[in-house]
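S.K.: This is the structure I want to talk about, given as structure tokens.
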Amino acid sequence: MSDITVREKNKKISQAKRVTLIINGEQRNLEIGHLPHQVETTHTLLHTLRETLGLTGTKLTCDNGACGSCTVLMDGKAILSCMTLTVECGGKDITTIEGLKDRDTGALDPLQQSFIDHTAFQCGFCTPGIIMSAKALLNENSTPTEVQVKEALSGNFCRCISHYQVVRAVMAVSEGGA
Amino acid sequence: MNEPYRYIGKATQRNDAVGIVTGTVQYLNDVKFKNLLYAKVLRSPHPHALIKNIDKSKAENLKGVKAILTWENVPDWKGGTPGVTRILGRRLRFVGDVVALIAATSEEIAKEASSLIDVEYEILPAVFDEEEAVKPGAPQLYDEFPGNIVTPGFPIFGPKCLTAIAMGDMDKGFAEAEVIVEGTCGYANIPNPIPPEPPGAVALWEEPSRVTIWVSNQAPHVDRMTLSEIFGHEVEIFTHGHPVGGSFGTKIITWQVQAFATLLSRATGRPVKIIYTKEEHIAAFVLRPSSKMHARVGMKKDGTVTAVSGKWLVGTGHYSMTSQAQLAVGLGEVQIMTRCANWDLQTDIICTNRNASGSVRGFGGQELKCAFIPILSRAMAQLNLDPFEFIKKNYIKPGEGYFWRDGNWYIYRGIDYSEAMDKGAERFGWKEKWRGWLQPSAQKGSLRSGVGVGVHGNADIGEDTSEAYVRLSTEGTVTLITSLTEHGTGQRSNYVKMIGEVLQLPLERIFISASDSVIAPFDFGPVGSRGTYAIGSAAISAAEDAKRQLFQLAAPILGANVEDLETVDGLIFAKGKPEQCIPWIATGHDRTIMGYGRFDPDYTLANCMTTFVEVEVDTETGKVTLQNVVNATDVGQIIDPPGLEGQLNGCLGSSGIDSAIFEETIIDPTTGHILNANLIDYKWRTFSELPEIDNVVLETPISSHRFRAIGVGEVATSPGPSAILMAVSNAIGTWLHEYPVTPERVLAALNKVKSQEHAGGAL
Ligand code: FES
Ligand code: FES
């Protein structure tokens with residue numbers, strides 16, 4: 001084996017040992033491995049966010065793709081972080097509930113403010129996931145109808161039944177108005 | 001609104017609102033602990049078995065495993081009512097019963113270790129059906145419960161705890177009846193409230209005998225009390241409460257989860273966290289009790305109930321913690337909705353080899369009425385009585401009485417709810433839609449619409465005790481010291497409003513303590529809709545006490561009488577002389593004013609919720625669609641309008657109305673496994689299937705506390721299920737007597753498919 005091939009190979013290994021992604025606007029260069037601060041290849045993005053990075057705003061409910069509690073944005077679209085492996089997120093831009101505030105001013109996103117104004121939560125455990133699903137919808141369609149809002153949130157489990165107040169909160173920030 | 005309040009009755013921002021929408025509220029699983037170990041439970045694959053042998057050597061050798069506990073190396077801690085269920089036993093009584101506890105440096109290692117434990121079981125015969133369980137020769141779960149009948153009575157409710165309703169003269173009652181019906185109905189589908197946040201605990205044991213437990217329960221003092229009975233009074237127990245990610249009554253008692261963490265911490269000397277998976281949550285935490293009732297009812301043409309006799313069977317699964325309490329409360333609640341002079345209603349609580357039933361909102365009354373109202377309906381139908389008129393006539397009126405949970409007779413001193421019922425009926429259009437029993441309200445092709453009505457109310461709004469401290473800092477801020485956690489109703493914010501009203505202080509200047517059982521005074525917690533009246537009373541009287549102390553200090557300075565003083569925005573003045581005012585701090589910067597408030601139980605008030613539903617049934621497919629719900633109630637005084645709306649909308653989920661339409665726990669009758677223990681197979685309502693909900697809320701002042709309000713949140717789920725059964729029966733023109741009204745059952749009732757009886761009864 002020539003020196004160059006060995007170097008190439010080593011480079012590949014060292015590249016493979018990291019996964020780089022952007023989380024809430026910050027580039028994170030995560031090592032892959034078995035140590036507590038590292039990302040295992042089996043770790044879901046949910047696990048990495050909560051356990052490795054301490055971003056506990058994203059909630060774990062079913063860990064099974066069924067409830068939407070763990071919803072985050074990947075390149076602006078809603079994904080279930082419990083069904084996504086961190087090592088597959090290289091180069092992606094992830095936004096969690098913690099990253100929804102205006103990054104310069106720290107002001108709440110209008111959607112967050114609307115949830116407050118409409119008391120669109122009870123226990124609040126499902127709320128981060130619901131807000132992220134709604135945000136993804138609004139990214140795509142700033143003037144959704146009520147039916148479209150309900151459709152976009154139909155994967156989000158809420159047991160307290162905050163649904164009615166949630167729909168009002170989302171419609172209030174829809175540019176088309178309620 | 002009854003009075004021009006500054007905060008009460010107005011929508012104000014919840015004090016945890018920003019935290020909730022930014023993801024910074026710290027639920028239990030979000031809290032960081034140093035040096036933490038993670039726990040897993042190895043669970044029984046058999047519904048009934050004896051552990052013959054456990055080989056944990058392979059698991060113990062796994063790197064990162066710190067402790068493995070089995071029945072052989074734990075203290076003889078027992079829970080249940082009575083306390084016969086060992087925390088880790090040799091005898092396993094349901095699929096999911098605990099075989100071993102593992103603590104390891106990561107969840108993955110703990111999980112791997114659990115798969116390396118070899119267990120040899122002696123399989124025992126199991127029983128899943130309550131009626132089978134009481135037959136001679138049935139498998140027995142406990143030596144202490146012959147015939148699988150659990151010891152009646154809930155000790156905390158006292159020696160006369162209600163276990164039956166027996167009064168009047170049955171012969172006379174039935175002789176007076178103009179119609180007598182007899183039948184059986186069940187609400188036996190054991191739905192699961194499934195809050196999104198799973199049960200969990202973190203415990204740190206310190207030698208020789210102190211444990212600190214971080215909990216996600218409704219009331220840390222209840223945890224402390226419960227655990228103290230189990231661990232022994234020599235163990236010092238501190239509990240710290242966290243916001244609860246949904247409870248619906250289930251997170252009142254989580255002793256097993258807390259004891260698992262405690263035992264593992266005791267074995268390792270490190271903090272140990274246990275968080276159930278959703279599968280464990282559904283298969284090994286809390287189900288609604290199963291309910292079956294056989295009853296004979298006598299009724300007169302005018303809707304007077306002359307006699308009720310029968311038996312109510314409550315299925316509690318593999319053990320009971322609170323079923324006796326639910327049974328007692330249910331028996332009280334059935335009297336509140338049914339005026340009747342002659343009762344002979346007996347009960348049994350039965351254990352079987354399934355996951356346990358436990359505390360769930362609706363607490364006994366929902367279970368009993370879902371079985372009882374369909375039987376009453378048959379009598380009403382024979383007499384051609386409108387069920388709405390029946391409910392209105394028979395719901396308790398001021399001056400009437402009932403036996404409550406402690407076995408004592410109480411006279412109701414609350415309001416007449418007829419007006420709220422009438423307003424609800426009007427909003428729903430009951431008169432136009434009600435076409436008589438088994439008559440659809442509308443039909444179009446294969447679609448039939450039907451309407452139904454149900455009612456529920458309880459005298460638990462004033463149950464148990466609450467205490468609170470209100471501390472004034474003389475610079476003009478206030479702290480409420482309470483053990484309450486926020487469990488979703490927004491009540492912690494409501495107490496801030498109540499205190500703000502008493503002290504006339506901006507809400508931003510009122511803080512609320514973290515929740516614990518270390519410093520905060522006793523509180524039974526927000527159960528049974530007691531938050532507004534019982535807990536509110538404690539907070540109000542603590543604030544009033546603090547104000548009195550403040551005025552005693554201010555009176556000499558102002559040269560006025562204590563009774564003449566007022567305070568607004570941190571200033572004190574004599575009534576009518578606001579220009580001669582002093583700030584609180586004039587009473588001294590170096591002092592703490594601590595007000596104390598206490599509420600003692602009062603069972604003479606009850607709330608009331610009437611729910612009207614309209615369904616559409618497709619007679620081709622059997623699908624039932626809920627179209628429209630009207631909840632009607634009177635709360636005396638609204639504290640927080642959006643918070644109240646949320647509670648009332650909650651009527652659908654957490655094993656409420658939807659437990660009559662599609663929610664159920666399905667147990668394989670041959671293996672005892674729960675077949676739908678995940679959020680894909682356990683059905684829940686999505687955003688795209690929302691019916692219209694309209695809430696009619698009256699505000700007739702009620703003699704509770706100074707704001708004349710009572711709570712209704714807990715009961716919102718309860719009237720709906722029986723109303724659904726009624727509505728679907730009316731829509732399809734034939735009686736249904738099982739929950740939920742799945743397409744299969746609807747089609748069977750229409751004789752379109754062969755029925756498969758499994759969870760109900762027959763009339
Ligand atoms: S936790 Fe990811 S979908 Fe439920
Ligand atoms: S607000 Fe509690 S589950 Fe949605």
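The values are calculated or read from the model by the stated rules, or taken from the named source; none is laboratory data. All values reported here derive from a predicted model rather than from experimental measurement. So basically every Cβ, Gly included, is an ideal-geometry build from the backbone, and we count neighbours across all protein chains shown. Surface areas here come from the heavy atoms of the whole protein model, side chains and all, with no ligands, DNA or RNA. Shrake-Rupley method; radii C 1.70, N 1.55, O 1.52, S 1.80 Å.
S.K.: Based on Cβ point charges of +1 for Lys and Arg and -1 for Asp and Glu, what charge dipole magnitude is obtained for the stretch A:19-174 about its Cα centre, in debye rounded to the nearest 20?
M.R.: Roughly 340 debye, rounded to the nearest 20.
S.K.: Work out the FRET efficiency for A:GLN148 and B:ARG427 from their Cβ-Cβ distance, taking R0 = 30 Å, and round it to the nearest 0.05.
M.R.: It comes out at approximately 0.55.
S.K.: Continuing with the same structure: What's the Kirkwood radius of the stretch B:448-505 in Å, using all Cα pairs?
M.R.: 14.9 Å
S.K.: So, with a 1.4 angstrom probe, what is the percent of accessible area on chain B that is carbon and sulfur?
M.R.: 51 percent
S.K.: Here is a further query. Taking the Cα centre of the stretch B:544-606 as the origin, how large is its charge dipole in debye, to the nearest 20, when only Lys and Arg (+1) and Asp and Glu (-1) carry charge on their Cβ atoms?
M.R.: Dipole size: approximately 140 debye.
S.K.: Looking only at other chains, what is the average number of their beta-carbon atoms within 10 angstrom of each beta-carbon in A:52-61?
M.R.: Mean partner-chain Cβ count within 10 Å for A:52-61: 5.
S.K.: Listed highest first by mean packing, meaning other Cβ atoms within 10 Å per residue, what order do A:137-147, B:708-718 come in?
M.R.: B:708-718, A:137-147
S.K.: Going highest first, how would you order B:229-242, A:37-50 by mean Cβ packing within 10 Å?
M.R.: Highest mean packing first, the order is A:37-50, B:229-242.
S.K.: Could you list, in their original order, any pairs among B:LYS251/B:LYS273; B:LYS392/B:LYS431; B:LYS292/B:LYS752; B:LYS423/B:LYS497 whose Cα atoms are separated by more than 23 Å?
M.R.: Distance filter (> 23 Å) returns B:LYS292/B:LYS752; B:LYS423/B:LYS497.
S.K.: Tell me the GluC sites (Glu not before Pro) within the stretch B:553-604 that lie in a loop according to DSSP and have at most 16 other beta-carbon atoms within 10 Å.
M.R.: B:GLU579
S.K.: Under the Karplus relation 6.51 cos²θ - 1.76 cosθ + 1.60, θ = phi - 60°, what is the ordered set of whole-Hz ³J(HN,Hα) values for the stretch B:29-37, x standing for Gly and Pro?
M.R.: 6, 9, 7, 8, 10, 7, 6, 6, 10
S.K.: Scale the Cα Rg of the stretch B:123-165 by the rule-of-thumb value 2.2 N^0.38 Å and send over the ratio, two decimals.
M.R.: 1.44
S.K.: Can you pull the one-decimal nm distance between simple spin-label points at B:SER115 and B:ILE666, each 7 Å off the Cα toward Cβ?
M.R.: 2.7 nm
S.K.: Looking at the protein assembly as shown only, what percent of DSSP beta bridges run antiparallel? Nearest 5 please.
M.R.: That works out to approximately 80 percent antiparallel.
S.K.: Something else now. Ballpark to the nearest 100 Å², how much total accessible area do A and B bury together, probe 1.4 Å?
M.R.: That pair of chains buries around 4100 Å² in total.
S.K.: Could you derive backbone 3J(HN,Hα) for the stretch B:228-244 from the dihedral phi with the Karplus parameters 6.51, -1.76 and 1.60 (θ = phi - 60°), listing whole Hz in sequence and x where the residue is Gly or Pro?
M.R.: 4, 5, 8, 7, x, 6, 7, 8, 7, 10, 10, 10, 10, x, 10, x, 9
S.K.: Peptides B:248-258, B:542-552, B:591-601: what's the order by average Cβ count within 10 Å, highest mean first?
M.R.: Output ranking for B:248-258, B:542-552, B:591-601: B:248-258, B:542-552, B:591-601.
S.K.: Quick one: Kirkwood hydrodynamic radius for the stretch B:510-558, alpha-carbon pairs, angstrom, one decimal?
M.R.: Answer for the stretch B:510-558: a Kirkwood hydrodynamic radius of 12.9 Å.
S.K.: Taking beta carbons within 10 Å but only from partner chains, what does the mean come to for residues B:5-14?
M.R.: Per residue, the number of nearby Cβ atoms from other chains is 1 on average.
S.K.: In whole angstrom, and with the biggest value first, how far do the Cα coordinates of the protein assembly as shown range along each principal axis?
M.R.: 104, 82, 64
S.K.: Tell me, in nm to one decimal, what length is gained between B:GLU206 and B:VAL753 on full extension, where the rule is 0.36 nm per residue of separation less the Cα-Cα distance?
M.R.: Here the answer is 190.7 nm.
S.K.: Something else now. Relative to 2.2 N^0.38 Å, what does the C-alpha radius of gyration of the stretch A:93-178 come to as a ratio? Two decimals please.
M.R.: My calculation over the Cα atoms of the stretch A:93-178 gives 1.00.
S.K.: From the P(r) of the stretch B:464-599, could you give the percentage of C-alpha pairs in the tail past 18 Å?
M.R.: Looking at the stretch B:464-599, the distances longer than 18 Å represent 51 percent of pairs.
S.K.: Could you tell me what percent of the DSSP beta bridges with both partners in chain B are antiparallel, to the nearest 5?
M.R.: Counting DSSP beta bridges with both partners in chain B, the antiparallel share is about 80 percent.
S.K.: A further question on this structure: How much mean residue ellipticity at 222 nm does the protein assembly as shown get from its helices, if each DSSP H run of length 4 or more adds -39500 (n - 2.57) and you divide by all residues, to the nearest 500 deg cm²/dmol?
M.R.: My calculation for the protein assembly as shown gives -7500 deg cm²/dmol from helical runs alone.
S.K.: Can you pull a Stokes-Einstein diffusion coefficient for chain A at 20 °C (1.002 mPa s), Rh from Kirkwood over Cα pairs, as a whole number of µm²/s?
M.R.: After rounding, the answer is 124 µm²/s.
S.K.: Calculated FRET efficiency, B:LYS393 and A:GLU140, Cβ-Cβ r, R0 51 Å, to nearest 0.05?
M.R.: 0.40
S.K.: For the stretch B:519-541 and the stretch B:643-718, what is the separation of their Cα centres, given in Å?
M.R.: What the calculation gives is 23 Å, centre to centre.
S.K.: Shielding of B:681-687 by partners, i.e. mean partner chain Cβ atoms within 10 Å per residue?
M.R.: Partner Cβ neighbours, averaged per residue: 6.
S.K.: In Å², and per residue, what accessible area does chain A have when probed at 1.4 Å with the other protein chains present?
M.R.: 45 Å²
S.K.: Provide a list, ordered by number, of residues in the stretch A:93-120 showing at least 40 Å² less accessible area with every protein chain present than when their chain is taken on its own, using a 1.4 Å probe.
M.R.: In the stretch A:93-120, residues shielded by partner chains: A:ILE116, A:THR119.
S.K.: Let me ask something additional. Quote the FRET efficiency, to the nearest 0.05, computed for B:GLU689 versus B:THR24 with a Förster distance R0 of 25 Å and r equal to the Cβ-Cβ distance.
M.R.: The formula returns an efficiency of 0.20 here.
S.K.: Please build a GNM for chain A, connecting alpha carbons under 10 Å apart, and tell me which residue among A:ILE116, A:ILE130, A:ILE79 fluctuates the most.
M.R.: Its mean-square fluctuation being the largest, the pick is A:ILE116.
S.K.: Using the heavy atoms of the protein chains and a 1.4 angstrom probe, tell me the accessible area per residue for chain B in square angstrom.
M.R.: Each residue of chain B exposes 33 Å² on average to a 1.4 Å probe.
S.K.: Going 7 Å from the Cα of B:LYS63 along its beta-carbon direction, which residues of the stretch B:109-147 have the amide nitrogen within less than 14 Å of the resulting point?
M.R.: Residues B:109 fall inside that zone.
S.K.: Reachable lysines from A:LYS17, Cα under 18 Å, same-chain residues fewer than 8 places away excluded?
M.R.: A:LYS9, A:LYS92
S.K.: Let me ask you something else. Taking only the alpha carbons of chain B, what extent do you get along each of the three principal axes, in Å, biggest first?
M.R.: That works out to 83, 72, 50 Å along the principal axes.
S.K.: Apply the membrane-span-like helix rule to chain A: whole DSSP H runs, Cα extent along the own long axis of at least 18 Å, mean Kyte-Doolittle hydropathy at least 0.0. List the helices found.
M.R.: Qualifying helices, which must be both long enough and hydrophobic enough, are A:127-140.
S.K.: What's log10 of I(q)/I(0) for the stretch B:627-763 at q = 0.17, 0.21 Å⁻¹, Debye sum over Cα points only, no solvent?
M.R.: Log10 I(q)/I(0), no solvent term: -0.99, -1.27.
S.K.: Lysines near A:LYS150 by alpha-carbon distance under 22 Å, same-chain residues fewer than 8 away left out - which ones?
M.R.: Those lysines meeting the cut-off are A:LYS59, A:LYS77, A:LYS135, B:LYS623, B:LYS683.
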